[in-house]
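Worksheet: one structure, shown below.
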Amino acid sequence: MDNFQSLSANCLLFDFASRLGSLEGYLYAEEQVDKSYLPNWIDNIDHEFKSLSAEVRSEIQSDYLALLKKVRDLLHKAYGDQDPDQDPNTAKIDAVISRIPQ
């Protein structure tokens, strides 16, 4: 992540979008999902969103929120409606969602 901050705004946006899209696609393969990857993946997406300019964040915020909710729904589908205290990935995605103005 050290080189992350030196990327251009367009590269940051592309990297962010590709990570988020990859996470969504990864969760569709329910049987093959390794939950150990998810905490860092979610953290990286959250960090990258925060690293975007305020103008870009504002412009894509509703789409970002919709995709985060889709990821949360896929987690629920794959692992059931577990108590967020028992499923750290669901708790993490819920925390990210709650920080975004709706």
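For the range 42-102, the spherically averaged projection of the C-alpha convex hull amounts to 4.0 nm².
Of the solvent-accessible surface of the chain, computed with a 1.4 Å probe over protein heavy atoms with every protein chain present, carbon and sulfur atoms account for 50 percent. The order of the peptides 68-76, 8-16 by mean Cβ neighbours within 10 Å, most packed first, is 68-76, 8-16. At the listed q of 0.12, 0.22 Å⁻¹, the Debye profile of the chain, built from one uniform point per Cα, gives log10 I(q)/I(0) equal to -0.39, -1.21. Take each peptide in 38-49, 55-66, count the other Cβ atoms within 10 Å of every residue, and average; sorted highest first, the result is 38-49, 55-66.
The values are calculated or read from the model by the stated rules, or taken from the named source; none is laboratory data. From a predicted model like this one, the values you see are computed outputs, not experimental measurements. Cβ: placed from backbone, ideal geometry, glycine included. Neighbour counts: every protein chain shown. Heavy atoms of the whole protein, side chains included, go into the accessibility calculation; ligands, DNA and RNA do not. Shrake-Rupley method; radii C 1.70, N 1.55, O 1.52, S 1.80 Å.
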